[in-house]
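Scroll down for the structure; my scribbles are underneath it.
The values are calculated or read from the model by the stated rules, or taken from the named source; none is laboratory data. This structure is a prediction, so every number in the text was calculated from the model and none was measured. For neighbour counting, all protein chains shown are included, and Cβ atoms are generated from backbone atoms with ideal geometry for every residue, glycine included. Note: accessible area is taken over every heavy atom of the protein model, side chains too, but ligands, DNA and RNA are not part of it. Shrake-Rupley method; radii C 1.70, N 1.55, O 1.52, S 1.80 Å.
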Amino acid sequence: MPVVGWVLLYILKKDNLINKLVSEAEIPEPPLFTSTHRWEDTPEQNVSLTKPGLSPAERVREAVDCLPTRLESPLAADVPPSSSLKRWTIMDFSRAYSSGETTPVQVAKRFLAAVKECSGPTMNMAFFISCDPEDVLKQAEESTLRYQTGTPLSVMDGVLVAVKDEIDCLPYPTTG
């Protein structure tokens, strides 16, 4: 009696409040992960919040003041003082641009000359799949003007950044 059996089972469950028992049942379960140590909330140290209402230039200056003054990397320590190689940090570029020691245009021209030299037939080291020298120089000129007027966009303004070809970034092609 398959049809009558299902109907009878439904009536018995309904009359004996089996639905309510199952839906309101509390089954104690241990957690899947049990911490082996106590959690402690430690306040963050060396955190500076910017003051509200500052101009963009003032916010840039405040952010620059928060960054470390020098590169504390073993790579920088390994370079002998007589070497022309210097591993510049974002702060180094920002300070040099702000002080007028160098400009984004000068850095961009040196960079483009190095790319051209490395990509030539003698070295054939194609570090960059795509590089638009005119666009690099245009952006460097705009950045130089902003530094001269004291209104850089951020600490990164004028700092060269390479973008991996797997990341969508106009006007460069994505190959990944």
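Local charge for residue 98 was computed over the other residues whose Cβ lies under 15 Å away, with Lys and Arg +1 and Asp and Glu -1, and equals -2. The phi torsions of region 39-51, fed into the Karplus equation with coefficients 6.51, -1.76 and 1.60 and a -60° offset, translate into couplings of 8, 10, 8, 9, x, 5, 10, 6, 9, 10, 9, 6, 6 Hz, rounded to whole numbers, with Gly and Pro shown as x.
Close amide-amide hydrogen proximity is noted between residue 153 and no other residue 5 or more places distant or on a separate chain, at a cut-off under 5 Å (H modeled in the peptide plane; Pro and chain starts excluded). Using θ = phi - 60° in the Karplus curve 6.51 cos²θ - 1.76 cosθ + 1.60, the 3J(HN,Hα) couplings for region 156-173 round to 7, 4, x, 7, 5, 9, 8, 10, 4, 6, 8, 9, 5, 8, 5, x, 8, x Hz; x is entered for Gly and Pro. Of the whole protein surface, residue 47 contributes about 80 Å² of accessible area at a 1.4 Å probe radius.
Here region 88-175 is treated as a sphere whose radius is the Kirkwood value from Cα pairs; by Stokes-Einstein at 10 °C and 1.306 mPa s it diffuses with a coefficient of 113 µm²/s.
Full-extension gain between residue 138 and residue 172, please, as 0.36 nm times their residue separation minus the C-alpha to C-alpha distance. Each step should come with its number before you reach the end.
Details: separation 34, 0.36 × 34 = 12.24 nm, distance 1.56 nm.
The residue 138-residue 172 span can extend by a further 10.7 nm.
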